[in-house]
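Visitor: One structure coming up, written as structure tokens, with questions to follow.
Just so it is clear, none of the values below were taken in a lab; they were calculated from the coordinates. Please read all numbers here as calculations on a predicted model, not as lab measurements. Here Cβ is always computed from backbone atoms with ideal geometry, including for glycine, and neighbour counts include all displayed protein chains.
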Amino acid sequence: MDRRGLLIILSSPSGAGKSTLAGRLREWDPSIRFSVSATTRAPRPGEEDGDHYHFVGEDAFKRMVAEGDMLEHAFVFGNFYGSPRGPVEDAINDGCDVLFDIDWQGAQQIANSALKDHVLRIFVLPPSIAELRRRLEARAQDDADTIARRMTRSWDEISHWDAYDYVLVNDDLDKTAATLETIISAERLRRAQQPGLMEHVRGLQAEFEEGS
């Protein structure tokens, strides 16, 4: 294996563009996998189990948390959401990056997990609060009350920007996507991501000692 995979955490307030950026990352490198979250909410029209989410009952979800099978979990708008640990470990051990679309609380939990050495945290800021509201309204996916709740929650999310490794202002989608690609390319070269480095250095040492 040339390298271990990264746990790429992409966070932002709703409307700042993280979902679009996540899609751009997958276009840039199709080997990047999305972490499929587990949730206790009911499937929406068109959603399939194992593809959009792992749909589980509340008892099963709580059991996974108790047994340490969730990297992170949260209770949001009346339902539990979480990231199953097993598929993520398998992916990074196979050298594949895993992309997480989660909030700051989930990011903090993963950063404190057993996989913390492979975590890359990136926060996406909007250019302004007015633009954030405009984007939410332009999506036409939520009613006025839902948009108001998202706007109220947005500042709580933004206030945790300094807990991330990189912070980007998404005022130009193409530029921000290119910057993300540069960051990930560099982070893949971390020592912790290159399991063969130690063996290579030992080989160099043995070669040096033989020639001395």
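Visitor: Of Phe77, Gly17, Val36, which is farthest on the positive side of the dipole of the stretch 1-96, counting Cα position, with +1 on Lys and Arg Cβ, -1 on Asp and Glu Cβ, and the Cα centre as origin?
Guide: Gly17
Visitor: Within the stretch 62-127, report the chymotrypsin sites (Phe, Trp or Tyr not before Pro) that DSSP leaves as loop and that have at most 15 other Cβ atoms within 10 Å.
Guide: Working: sites: Phe75, Phe77, Phe80, Tyr81, Phe100, Trp104, Phe123; in loops: Phe77.
Qualifying residues, ordered by number: Phe77.
Visitor: Neighbour counts of other C-beta atoms within 10 Å: give me Asp69, Asp51, Asp103, Asp165 arranged from fewest to most.
Guide: Numbers: Asp69 16, Asp51 10, Asp103 21, Asp165 13.
Least crowded to most crowded, the residues run Asp51, Asp165, Asp69, Asp103.
Visitor: Give the long-range amide H neighbours of Arg41: residues separated by 5 or more places, or on another chain, with amide H under 5 Å away, using H modelled in the peptide plane at 1.01 Å from N.
Guide: Phe80
Visitor: Using 7 Å Cα-to-Cβ label points, what is the Ala178/Ala60 separation (nm, one decimal)?
Guide: Placing both labels 7 Å along Cα→Cβ, they lie 4.6 nm apart.
Visitor: Counting other beta carbons within 10 Å of each residue's own, what order do Val167, Val88 fall into, fewest first?
Guide: Numbers: Val167 15, Val88 23.
Exposure proxy ranking, most exposed first: Val167, Val88.
Visitor: OK, next. Name the GluC sites (Glu not before Pro) in the stretch 7-108 that are in a loop by DSSP and that have at most 16 other C-beta atoms within 10 Å, would you? It would help to have the intermediate numbers written out before the result.
Guide: Working: sites: Glu27, Glu47, Glu48, Glu58, Glu67, Glu72, Glu89; in loops: Glu47, Glu48, Glu67.
Taking the stretch 7-108 and a limit of 16 other Cβ atoms within 10 Å, the loop GluC sites (Glu not before Pro) found are Glu47, Glu48, Glu67.
Visitor: List the aspartates and glutamates whose Cα sits under 17 Å from the Cα of Lys62, skipping any in the same chain fewer than 8 residues away.
Guide: Lys62 reaches Glu72.
Visitor: With a Förster radius of 41 Å, plug the Cβ-Cβ distance of Glu47 and Asp171 into 1/(1 + (r/R0)^6) and report the FRET value to the nearest 0.05. Please report the intermediate quantities before stating the final value.
Guide: Working: r = 32 Å, r/R0 = 0.78.
After rounding to 0.05, the efficiency reads 0.80.
Visitor: Follow-up. Quote the convex hull volume per residue of the stretch 7-211, based on C-alpha atoms, as a whole number of Å³.
Guide: Value for the stretch 7-211: 147 Å³ per residue.
Visitor: In the chain, what percentage of the DSSP-assigned beta bridges are antiparallel, given to the nearest 5?
Guide: Working: 8 of 26 bridges.
So the antiparallel bridges amount to about 30 percent of the total.
Visitor: If you average 1/r over all unlike Cα pairs in the stretch 154-212 and invert the result, what Kirkwood radius do you get in angstrom?
Guide: On the way: mean 1/r = 0.0659 Å⁻¹.
Every distinct Cα pair counted, the radius reaches 15.2 Å.
Visitor: Hydropathy first: keep DSSP H helices in the chain averaging at least 0.0 on Kyte-Doolittle, then drop any whose Cα extent along the axis falls short of 24 Å, and list what survives. Mind dumping the intermediate values first?
Guide: Values: long enough: none.
Sorted by number, there is nothing, because no helix extends far enough and scores high enough.
Visitor: With a 10 Å Cβ neighbour count serving as the proxy for reagent exposure, in which order, fewest first, do Arg153, Arg202 appear?
Guide: Working: Arg153 15, Arg202 10.
By the 10 Å Cβ count, ascending, the order reads Arg202, Arg153.
Visitor: Which of the lysines could a cross-linker bridge to Lys18, judged by Cα under 24 Å and excluding same-chain residues fewer than eight apart?
Guide: Hits, sequence-local ones excluded: Lys116, Lys175.
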